[in-house]
Structure formats: C-alpha cells, structure tokens
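Quick notes on the structure that follows.
The values are calculated or read from the model by the stated rules, or taken from the named source; none is laboratory data. Computed from a prediction, not measured in an experiment: that's the story for all the values here. With ideal geometry, Cβ positions are generated from the backbone for all residues, glycine too; neighbour counts draw on all protein chains shown.
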C-alpha cells in the first residue's frame, strides 16, 4: 500500500512538472506566441482565433501567478483550448480521434514484438549455441542499428511504392466510411501492416537480448536444476519454471515501453501519414498551432504516467517482494 | 594447453563480486592501454575502425567531397553514375558530397551530446549514490521525472519553441537524455561505495570530491564509457529524427536534413531511392560500430560472457558438445586440479 502511495505521489509530481513546463514554454520564447502566429499566417487567421489562444494560455496582463492558476484551472476543466489550424474545433476533439489510431498502432506493434521477442529469447537461452542463439543476436544488432523511421521509409518505398503491396498513407481507404463493417476493419488492418511491421522489426531486438540474458541467469538457479532433476518434461521446465521467472524484468520494460507506444511511434506515423497523435503533433508544429501541440504533449505524458501506474499495480500482484518493501 | 569443461556452483566469490573485480580489472586496462584493448578484441577492432573512418571523413570533408553540397551541379534526381556516385537530389545537388559533409554535423552533434550527457549523468548519479540520504532523494526524484516524461514528444515541443539551430538541437537532446545514465551510475556508485577502499579513503580524510572521482570513478569506467557510446548512438538517431521532421536547421547539411529533403522533394515517390539510402546507411554504420564497441566492453568486463565465448571457441575447435547442465561453464586447466 505504502509502495502504491509513494508511486502515486511521484506520478502527481511528474504530471505537475510537465504542466508547468507547458505553461512556461510559450512564455520563454522571444515575443508572444500570438504575435508569432499572426506574423507567420499573414492575416490568414482571424483575430478572435488568436484571442482564443491567448485565453487558453491565460496569456494576459495579469501577474504571472494569476496566469498560472488560470491555466491550471482550464486544464482541470479539461479545456485545452481551440486548435488554431482547425478553428474553432476544440483541441480535445482532435486528440480523441488520433489517440485511438496511435493506441492501435503502438499496442499492436508492441504486443507482437513482445511475444515474438520473448519467445526467441527463451529459445535462444534454452538452446545456447543453437541456431536461434547464434544467428539472432548479430542479426538483431545489425537491424537495431538502423534508425527506425528510416526502415519505415525503406519499407514504404519498396513494399508500398515500388511493388504496390501495401497502401502508401492513412489508416483506412478514403472511400470507406468508418463503421464496424468487415470491409472497414479489413481496410484498417491492411493499412496497419506496414507501419506496425516496421516498428516490430526494430523493437524485437531489445526483447530478445533482455529475455535471453535474464533467462541465462535464471537457468542456473537451483529450482531449475531441481525441476530438471525431477525429470520434468523439458517444455515444462523451460516455460513454467525458467521463463516465468525470467519474464519479470521484461514486464517492467514493457511498462517503460508504454511511453514509446504513445510517443515514440511519432516518426513512423509521419512516414506513413498515419493519423495518430504523432502525425497531428507534427502538423501542429508546422502550422504553429501551439494549443494543439501542447495539448497533445500533455495527453501523451498523462497517458504514459497512467500506464506506468497500471504496471506498478500489476507488479505488486506479480512480485510479492515488492509488497513487503 | 588442454582444458576441461566443468561447471561451478556458487563456490567462492558471488557473481556480483566477480563482476566488481572484473570492472576494476577493466579500469586498469583502460588506463594502461586503450589501443591494446581494442586490438585484442575482434568486435572492438571492427567497431573502432568504422568509427575512425567516419571521424576522418567528417574531419576532411572539404577534401573528400567532389562538389559543394548546396550547389546545383546536375539535373535533379539522376541515378548514381561515375560523375555522381550517389546520384543527385531533387534540387540537383550531389548526394555523395552531401553525405560526406553531413558526417560533420551528425557525428559532431552525436559526440558533443554523448559527452555532455555522460558528464551530467555521472555528476548527478554519482553525487546521489555517494551522499545518499536527502541529497539522493532529491536527485533521484529529478532523474526519475526526466526519465518518465516521454522524450520524443518533449523533443518535438522544445524544438518547436526554441529558435532552430545546431546548439538548440544539442541542448534539447542533452536535456532529454541525461537521466538514464544518471540512474545507472547511481546504482553502481551505491554498491561501490560499500567497498573497503572507499571506507579507508574516508577514514584517511580524503575529500568527497576526490573519493568520487579518483577512487570510485576509475572503477566504473567501463560502464561510463559504454553509457557514453550508447548516448552518442541515441543522439545521432534522435538528431536525424528531429531534422527529418524539419525541426532542425533545414539549410545546413546533415544526414537528417538529407532525409528531410529527400522526403520533401518527393525523392520517395519518384523512385529516387539514392536520395535517402546513403544517409540511413551511414547512421546505421555508426550505430553498428558503437554497438560493436559496447559488446566488446561487455565481453571484457563480464566474466560470464567471456567464459561463454571461450567455451564456444573450444567446443568449435574440439568438436565436442556441451552437456545438458544449465550452469555457466568454466574453463579450467586440467593440470590445475
């Protein structure tokens, strides 16, 4: 219980830091974001748009602490302001749809990579010096050396453009309207393959190496030796005795990976024009849409904090040692 | 010398102590002869050679590049030929010259950020680990907050607000990536601090500063160095990513801006693969050389991995197979026991 309380306090602090950072960033930049947008857009924005933005930021002639509390109050009420690039759509509306796509892409890629990677790691450690163990690590080091967004570019170029196997952009065909029909779900899955695969290829390496190394030290534990001595089937020793215990560190890593799911797929989304948070974030940056940009940053941060909290709760259930501490 | 393969259970020093001893051993090697260490290990030789080649290319870029990287020299989007080894870009620049010049900024950013991140990480982590108590609580808290805030979105937001330029990228990358090293070095310091030689240094009245940097630091040099290579790799990749998004300075020439222009000039959708392949390969080569060096450091300092490698070599040369036992194999001279 104590452990959970301490973690809660920590997450609250982290949330406060990112909110405060968000508050001070537009005030740190030279000039006023409102003027910057005005100058850049050359009269393409209405003055009321800028006023809405100033209001959302609490940018006014009030003293700084007053502005700060106004800003906090706005956030508490879930008011992230109005998107400048899509005036007068509230930022939260844009975030809601793109959040779904990011989650779909990130979760799919991470779960697939986690399963394949850990399985390869288990097999590699079990048959040390075997085919999987000797071929995988060097291959993974090699593949892991490439920037993942460049692999995505390469996949898009060859499998999307040159050979035409997969669609070039977006999350579903533009001539189907979103619904739960088989056709639409199929289209979504088809569009998901290439972005997800490009993430999986890069992510697998970490899981394999992590699992392999923990597995190797777990395998020298007495209880594994005991299980073998009892004459239990190999498969049972491998999965129920060794792998089960070796999985814990990787599970923690899975929690940390949640940050990558939500924020790290940013470049992949940009390459495939996948309409998730990352793609929207870049769009917001290019359009100088500060409210949208900061709203997305906050949502990503809060989600990561929330996800880590869930992992902590899970960890307490899985590892009795944490409960005592 | 003939050897037998036997397995040891935890007799004698425990694994952690062994690792500790090995780390101090590596510390001595680092101080005595870096070159010897590099030449003795195949992975280190490969890694260091690739890295050296890139450093030389970056240093002598004006002499190596046949054209000005920003000059219109031929028709746009020409395939690689004898005149233009890597072809030309969408605005008719020579891709080979751009790649050579790009080495400077990309590698430079990576190295500067790598060193900065390591220094900050070492200062924060070692201070926290050495003084413990209140100081540790505060520093660990700061470190963990930096660790948990997702770095890529933060990078994008920071880069969007600050004026574009080389030093902005350096600053932003350093701010977002020092925390990991600090955490690793803190836990290492915590365990080294319990060693007898630290206690004796404390008793003999040495200053904390001296104990941290002259007693403890040399004994965890391998981890610090490995962390630095990791940070350099991360920085090069992240810088390329930021510039690919157009958040760097698009008018300078680096591997990241090359990728940015390749995508923006539709190099991708006109079949001009040569506009984006070289930059990616260069990043991959540098990252690969860093991992090689890191694996070599790991091999030299981790007795488990070293005995594993020696065993594999022995098995290969003597055509024998390892038994079913799962314990870490140990090579021992037959005459010895």
When only residues in segment B:279-295 that are more than 7 Å from chain A (Cβ to nearest Cβ), touching a residue at least 12 places away in the same chain (Cβ under 8 Å) and over 12 Å from the mean Cα position of the chain (by Cα) count, which is farthest from residue B:221 (Cα to Cα)? B:279
Can you tell which of B:115, B:156, B:175 is part of a helix (DSSP H, G or I), more than 14 Å from chain A (Cβ to nearest Cβ) and touching a helix residue (DSSP H, G or I) at 6+ places or on another chain (Cβ under 8 Å)? B:115
Filter segment A:12-21 down to the residues that are within 8 Å of another protein chain (Cβ to nearest Cβ) and closer than 11 Å to residue A:301 by Cα, then identify the one that is surrounded by the most Cβ atoms within 10 Å (Cβ to Cβ). A:18
Scan segment B:227-265 residue by residue and report those that are assigned to a loop (DSSP other than H, G, I, E, B), within 11 Å of chain A (Cβ to nearest Cβ) and surrounded by fewer than 24 Cβ atoms within 10 Å (Cβ to Cβ). B:246
Unmet criterion (only one of (1) over 28 Å from residue A:7 (Cα atoms); (2) touching a helix residue (DSSP H, G or I) at 6+ places or on another chain (Cβ under 6 Å); (3) modelled with pLDDT of 85 or more) for residue A:266: (1)
Expected single match for surrounded by 16 or more Cβ atoms within 10 Å (Cβ to Cβ) and in contact (Cβ under 8 Å) with a residue 12 or more places away in the chain among A:248, A:258 is A:258
Filter segment B:274-284 for residues that are over 12 Å from residue B:96 (Cβ atoms) and touching a helix residue (DSSP H, G or I) at 6+ places or on another chain (Cβ under 6 Å) and give the result. B:276, B:280, B:283, B:284
Restricting segment A:59-82 to residues that are buried (at least 19 other Cβ atoms within 10 Å of the Cβ) and assigned to a loop (DSSP other than H, G, I, E, B), the residue that is modelled with the lowest pLDDT: A:59
Quick one: which of A:166, A:142 is out of contact with any strand residue (DSSP E or B) (no Cβ under 8 Å at 6 or more places or on another chain), under 30 Å from residue A:208 (Cα atoms) and in a helix (DSSP H, G or I)? A:142
Kindly list, by first and then second residue, each pair from a residue in segment A:210-233 that is surrounded by fewer than 17 Cβ atoms within 10 Å (Cβ to Cβ) to a residue that is not in a loop (DSSP other than H, G, I, E, B), limited to pairs with Cβ atoms under 7 Å and residues at least 6 apart or on different chains. A:223/A:241
Yes or no: residue B:107 under 22 Å from the mean Cα position of the chain (by Cα), within 24 Å of residue A:264 (Cβ to Cβ) and within 14 Å of chain A (Cβ to nearest Cβ)? no
Check whether at least one residue in segment B:136-151 is in a helix (DSSP H, G or I), buried (at least 23 other Cβ atoms within 10 Å of the Cβ) and at the interface with chain A (Cβ under 9 Å from one of its Cβ atoms), and report yes or no. yes
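What do you reckon, is residue A:242 buried (at least 17 other Cβ atoms within 10 Å of the Cβ) and farther than 23 Å from residue B:147 by Cβ? So that I can check it myself, show each step before the final result.
Details: buried (at least 17 other Cβ atoms within 10 Å of the Cβ): yes; farther than 23 Å from residue B:147 by Cβ: yes.
For residue A:242, the condition - buried (at least 17 other Cβ atoms within 10 Å of the Cβ) and farther than 23 Å from residue B:147 by Cβ - is met.
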Got a sec? Which of A:135, A:112 is under 21 Å from residue A:255 (Cα atoms) and either more than 10 Å from every other protein chain (Cβ to nearest Cβ) or surrounded by 21 or more Cβ atoms within 10 Å (Cβ to Cβ) (or both)? A:112
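Residue check: is residue A:281 touching a helix residue (DSSP H, G or I) at 6+ places or on another chain (Cβ under 8 Å) and under 24 Å from residue A:98 (Cα atoms)? So that I can check it myself, show each step before the final result.
Working: touching a helix residue (DSSP H, G or I) at 6+ places or on another chain (Cβ under 8 Å): yes; under 24 Å from residue A:98 (Cα atoms): yes.
For residue A:281, the condition - touching a helix residue (DSSP H, G or I) at 6+ places or on another chain (Cβ under 8 Å) and under 24 Å from residue A:98 (Cα atoms) - is met.
Among the residues of segment B:266-276 satisfying the criterion of being part of a helix (DSSP H, G or I) and touching a residue at least 12 places away in the same chain (Cβ under 8 Å), which is farthest from the chain's Cα centre (by Cα)? Before you say what the answer is, go through the steps one by one.
Our first condition is that a residue be part of a helix (DSSP H, G or I); within segment B:266-276, this holds for B:268-270, B:273-275.
Restricting the remaining residues to those that are touching a residue at least 12 places away in the same chain (Cβ under 8 Å) gives B:270, B:274-275.
Values: B:270: 35, B:274: 27, B:275: 27 Å.
The extreme case among them is B:270.
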Index of the failed condition, residue B:268 passing every other in (1) surrounded by 21 or more Cβ atoms within 10 Å (Cβ to Cβ); (2) closer than 20 Å to residue B:179 by Cα; (3) in contact with a helix residue (DSSP H, G or I) (Cβ under 6 Å, 6 or more places away or on another chain): (2)
Are any of the residues in segment B:295-302 touching a helix residue (DSSP H, G or I) at 6+ places or on another chain (Cβ under 6 Å) and modelled with pLDDT under 75? yes
Go through (1) within 14 Å of another protein chain (Cβ to nearest Cβ); (2) in contact with a helix residue (DSSP H, G or I) (Cβ under 8 Å, 6 or more places away or on another chain); (3) at pLDDT below 80; (4) over 19 Å from residue A:287 (Cβ atoms) and name the single condition residue A:85 misses. (4)
Restricting attention to segment A:219-261, report how many residues are more than 37 Å from the chain's Cα centre (by Cα) and within 9 Å of chain B (Cβ to nearest Cβ). 3
Would you tally the residues in segment B:58-75 being assigned to a loop (DSSP other than H, G, I, E, B), under 19 Å from residue B:257 (Cα atoms) and in contact with a helix residue (DSSP H, G or I) (Cβ under 9 Å, 6 or more places away or on another chain)? 7
Can you name the number of the only condition in (1) within 13 Å of chain B (Cβ to nearest Cβ); (2) surrounded by fewer than 19 Cβ atoms within 10 Å (Cβ to Cβ); (3) under 21 Å from residue A:169 (Cα atoms) that residue A:202 fails? (2)
Is at least one residue of segment B:71-94 buried (at least 19 other Cβ atoms within 10 Å of the Cβ), out of contact with any strand residue (DSSP E or B) (no Cβ under 7 Å at 6 or more places or on another chain) and closer than 27 Å to residue B:188 by Cα? no
